[in-house]
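The values are calculated or read from the model by the stated rules, or taken from the named source; none is laboratory data. Just so it is clear, the structure is predicted and the values come from calculations on it, not from any experiment. Neighbour counts run over all protein chains shown; Cβ positions are idealised from the backbone, glycine included.
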Amino acid sequence: MNVRMSELRNGASSPHSVIQISFKIQNWKLKINITSMQIVKYLSEIMPTITADAHCDIPCGVYDPTPAKIAAKTVARMVQQLDEIQPPQSTDSHSIANHANMISRRIAVKEQHAELCKKELLILWTDFFKSEHLEQFPNLHVLFWDAVKLCSKNKQEVNADAAQKLVEAVDGIAKIFYEAKKVPERYEAYQAITDKLY
């Protein structure tokens, strides 16, 4: 038996492209014209199907609060550095521009990482945590709400207290996260790594 497949239309394949399948069995020749959608429909009728449930768009299962903590610690570090920057000694244009550059770069990094922290927290809040976690941790929504609001506050201000509160809020969420995953011992490892970032 010889089988030959060829696409009858030129250009990119589409669900409606016609495929010609030629069979040659001994002296008999058979040609079938079929679309790729028809093939998929046929296969779905003869093959078993399963239903998958997932808590996110792609059921990857890879979640961790560490990126949020790194971002929060970066915010705190930028606030610390901004507080340490001294006014320029000279009023010449080069000194003023250099001073403005040092401040603006740290503000940009602070704001980027406050936004990144917010994004990472929202992924945990909306993709990882489920309704059964609310029963176990009734203050879950409040913790996330407050932490996300702290991200915004840290974008708006240069405030060491708000930056420290953000780090603490992320730690509080991390503790619950590891309890929800039933690996509370990982929280200590998380702290040992992230508390020593600077």
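Matching residues to (1) touching a residue at least 24 places away in the same chain (Cβ under 8 Å); (2) among the β-branched types (V, I, T); (3) loosely packed, with under 11 Cβ neighbours inside 10 Å; (4) closer than 13 Å to K69 by Cβ:
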{"residue": "Q86", "(1), (2), (3), (4)": "no, no, yes, no"}
{"residue": "H99", "(1), (2), (3), (4)": "no, no, no, no"}
{"residue": "K119", "(1), (2), (3), (4)": "no, no, no, no"}
{"residue": "A180", "(1), (2), (3), (4)": "yes, no, no, no"}
{"residue": "T194", "(1), (2), (3), (4)": "yes, yes, no, yes"}
{"residue": "L197", "(1), (2), (3), (4)": "yes, no, no, yes"}
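Within region 121-137, can you find the residues that are in contact (Cβ under 8 Å) with a residue 12 or more places away in the chain and farther than 23 Å from K153 by Cβ? Selection gives D127, F128, K130, H133, Q136, F137. Can you confirm whether L30 is outside any helix (DSSP H, G or I), of a type in the set (A, V, I, L, M, F, W, C) and at pLDDT below 70? Against the criterion (outside any helix (DSSP H, G or I), of a type in the set (A, V, I, L, M, F, W, C) and at pLDDT below 70), L30 qualifies. Residues in region 75-94 include at least one that is in contact with a helix residue (DSSP H, G or I) (Cβ under 6 Å, 6 or more places away or on another chain), modelled with pLDDT under 95 and in the same structural domain as D171 (by TED's automatic domain parsing). Where in region 88-198 are there helices (runs of 4 or more DSSP H), lying fully within it, with 2 or more residues that are among the aliphatic types (A, V, I, L, M) and over 14 Å from T74 (Cα atoms)? Helices (runs of 4 or more DSSP H) meeting the threshold: 93-123, 140-156, 160-180, 185-194.
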